[in-house]
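A quick write-up on the structure given underneath.
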Amino acid sequence: IAISLKLDNSILLIHPRTKLSTFLFDTNNSIKRRLQYKQHIEENRAKRVKAENSLFHTLTNINLPLEKITKAKQAFSSPSPDDKILEAQKQAFEQGLSNLRISQASSGVKISKPAKNIDLKKELSTNSKYSKQHKSFVVIGHVDAGKSTLMGRILFDYGIVDAKTVNKLVREAERAGKGSFALAWIMDQTSEERSHGVTVDICATDFETATTRFTAIDAPGHKDFVPQMIGGVSQADLALLVVDSINGEFEAGFAMDGQTKEHTILAKSLGIERICVAVNKMDKENWSEDRFESIKSQLTEYLTSDEVQFEAGQIDFVPISGLSGNNVVKRDDSIDDFKWYKGPTLGEYLETVKLSSSINSDSVSQLLSEDFFVPVHDSHKDKGEYKISGKISSGVIQVGETIVAAPSEEVLQVQSLRVARKQVDFAIRGELVEMSFKASQVTNDSTETFRIGDLISKVGSPARTVKKFEVSLHLFNMDKPLLVGMPFVLFRNNCQVPARISKLIEITSGKKKKKLLHLVSKQTAIVEIEVQDGSSIPLTKYSDNKVLGRIVIRREGVTIGAGTVVGFQ
């Protein structure tokens, strides 16, 4: 392409003299006129605005104050109102509920007062019902150790289940060829559990003796039902670890990677403060003292090891026979081989053991001042009401008070409370409570309004619904390292969500490395955990609540670590 360039001195290149840019076209093509116009422009140069050579630059000779120009620049340099709204919407979408506090979610909510004006301090101090200690215990241990049979024996010997019911169960069990399972069927009531002889889900029952109110929880022992077992342990203060004393059976449950070890680790990690080892089926070992002492020695060494970390003063041992009932609630003094044992029966132990959760005059003030929390264990809708149940982790709740459910953010008024199937005006820490709410108060009425693991608290509690949080994590024995980004299942008592480690912050034990890539067995570290699959989890810091601030992680069906929540993102 050939291009010929020629300098053009037309009027288009001459600066305008008016306030607005003006283009003058010379139709006569007169050189003289162009020269005259150019001379005229030069004479009036002082009256014109100096033009800039940049393209598309607005030319004007209006003199504006410098303050206005500066203010205009600042106004256009900052985001517009629409930009601010769009950015806020984007952040809310990306962060989800990560920064949501229950107190923020319920700000502006009208907090209702209790339906009755009750002096709680006086009621707790003087009412004979609360003068009795309340204790909740969970029965754990390896499969076929006799957990459900022991629970059935306790309920039968205390008169909670009558002889007519037991005789009926004996006939049904013998008809099914499982005569020795009759007492276990008191707790295992589904056809699946009875046909397979294995407890599948947790079963809780309330009973009362002359001195104590009990909540007993029977947990499954099979490794496939560990998540259900975790839900049971999270509702208890005391663990009753049942081991089979028969030669070979104890070793299978303990020494050969049975569930005895994992259950004890989970019990300690989930906040169980005392553990009682019920050495079961001692009648099959002729009540041998040597066998009892051998099992006691092995278990004491393991339970006080760095892996579990119970203290020696937190562990007790009681020899029993759940099937015959000897030394469970009653003792048969006619057995000469059992003369060596001078300790209490299992029933006497349960009634006299001291627990920090028990209510006394010194702890009433503390109880009334602590935050109220209930992790949801079960929920259903019945006749226009939602009914949810769970163990009260801390605090007090009264009929008529306002609660907040997380993570759904539902703000509801308590319509009624039931403890041990009885209507009550208030419920306290340690009790298994059923709370009811009007379905009309629920803003999003669906089957997912309340889920197992959701958290019920009062307005202004320190609970948070988060997607990311920091944990002081201690790892147990693992087959392979735990890498950043590797998925696992995270448990906060009875709540479970998929999660992963998103960041390794610091190794606090063992050999420290400059570059943190993974974690190995027996290490303790500060890590950032992120909840997966668009989920979120309600919890508290460990310093705010020692139950809701604990987490356990499992990978490929094995418990690999436990920790405490130290901060939120």
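The values are calculated or read from the model by the stated rules, or taken from the named source; none is laboratory data. The structure displayed is predicted, hence computed values, not measured ones. Glycine also receives a Cβ, built like all others from the backbone with ideal geometry; neighbour counts cover every protein chain displayed. Only protein heavy atoms, including side chains, enter the accessible area calculation; ligands, DNA and RNA are left aside. Shrake-Rupley method; radii C 1.70, N 1.55, O 1.52, S 1.80 Å.
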Inset, instruction - Would you check which residues across the stretch 474-495 are open to solvent by 40 Å² or more (accessible area, probe 1.4 Å), more than 19 Å from GLU307 (Cα to Cα) and out of contact with any Leu (no Cβ under 7 Å at 6 or more places or on another chain) and list them? - result: LEU483, MET486, PRO487, VAL489
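Table: residues versus (1) in contact with an Asp or Glu (Cβ under 6 Å, 6 or more places away or on another chain); (2) among the β-branched types (Val, Ile, Thr).
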residue	(1), (2)
GLU434	no, no
ILE452	no, yes
ILE456	no, yes
LYS468	yes, no
Inset, instruction - Search the stretch 339-350 for residues that are of a type in the set (S, T, N, Q) and pair each with any residue that is at pLDDT below 95 when their beta-carbon atoms are under 6 Å apart and the residues are at least 6 apart or on different chains. - result: THR345/ARG331
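With the requirement that a residue be part of a loop (DSSP other than H, G, I, E, B) and at pLDDT 90 or above, what does the stretch 424-440 give you?
Here is the first cut: in the stretch 424-440, the residues part of a loop (DSSP other than H, G, I, E, B) are 425, 429-431.
Listed by number, the list holds a single entry, ASP425.
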Legend entry - Which numbered condition HIS380 fails, given (1) crowded, with 19+ Cβ neighbours inside 10 Å; (2) assigned to a strand (DSSP E or B): (1)
Inset, instruction - Using the structure shown, decide if PRO538 is farther than 30 Å from THR260 by Cβ and either outside any strand (DSSP E or B) or more than 19 Å from the chain's Cα centre (by Cα) (or both). - result: no
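Does ILE428 count as over 22 Å from MET229 (Cβ atoms) and in contact with a helix residue (DSSP H, G or I) (Cβ under 7 Å, 6 or more places away or on another chain)?
Working: over 22 Å from MET229 (Cβ atoms): yes; in contact with a helix residue (DSSP H, G or I) (Cβ under 7 Å, 6 or more places away or on another chain): yes.
It is true that ILE428 is over 22 Å from MET229 (Cβ atoms) and in contact with a helix residue (DSSP H, G or I) (Cβ under 7 Å, 6 or more places away or on another chain).
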Legend entry - Criterion (polar (S, T, N, Q), in contact with a Gly (Cβ under 7 Å, 6 or more places away or on another chain) and over 23 Å from GLN235 (Cα atoms)) met by exactly one of GLN496, GLN523, GLN569: GLN523
Legend entry - Pairs with Cβ under 6 Å, 6+ apart, first in the stretch 543-559 and without any contact (Cβ under 8 Å) to a residue 60 or more places away in the chain, second open to solvent by 10 Å² or more (accessible area, probe 1.4 Å): GLY549/LYS541; GLY549/TYR542; GLY549/THR564
Inset, instruction - Report whether or not ASP533 is exposed (fewer than 15 other Cβ atoms within 10 Å of the Cβ), at negative phi and outside any strand (DSSP E or B). - result: no
Inset, instruction - Provide a single number: the residues in the stretch 444-473 that are surrounded by 21 or more Cβ atoms within 10 Å (Cβ to Cβ) and either among the polar types (S, T, N, Q) or assigned to a loop (DSSP other than H, G, I, E, B) (or both). - result: 8
Inset, instruction - Only residues in the stretch 378-391 that are farther than 12 Å from PHE450 by Cβ count as the first member; pair them with residues that are open to solvent by less than 60 Å² (accessible area, probe 1.4 Å) and among the β-branched types (Val, Ile, Thr), Cβ under 8 angstrom, at least 6 apart or cross-chain, and list the lot. - result: LYS391/THR215; LYS391/VAL374; LYS391/VAL433
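Mind checking which residues of the stretch 320-346 are in a loop (DSSP other than H, G, I, E, B) and charged (D, E, K, R)? Explain how you work it out, then say what you get.
Keep residues of the stretch 320-346 that are in a loop (DSSP other than H, G, I, E, B), which gives 320-325, 327-329, 331-335, 339-345.
Once the filter is applied, which keeps residues that are in a loop (DSSP other than H, G, I, E, B) and charged (D, E, K, R), the stretch 320-346 yields ARG331, ASP332, ASP333, LYS339, LYS342.
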Inset, instruction - Give just the number: which of (1) without any contact (Cβ under 8 Å) to a residue 60 or more places away in the chain; (2) out of contact with any helix residue (DSSP H, G or I) (no Cβ under 8 Å at 6 or more places or on another chain) does SER234 not satisfy? - result: (1)
Legend entry - Whichever residue in the stretch 45-77 is surrounded by 10 or more Cβ atoms within 10 Å (Cβ to Cβ) and among the hydroxyl-bearing types (Ser, Thr, Tyr) and, among such residues, is modelled with the highest pLDDT: THR70
Inset, instruction - Mind listing whichever residues of the stretch 496-509 are part of a loop (DSSP other than H, G, I, E, B) and either under 16 Å from PRO407 (Cα atoms) or open to solvent by 50 Å² or more (accessible area, probe 1.4 Å) (or both)? - result: THR508
Inset, instruction - Scan the stretch 88-128 for residues that are within 25 Å of GLN415 (Cβ to Cβ), surrounded by 14 or more Cβ atoms within 10 Å (Cβ to Cβ), of a type outside the set (S, T, N, Q) and at pLDDT below 80 and jot them down. - result: ILE102, ALA105
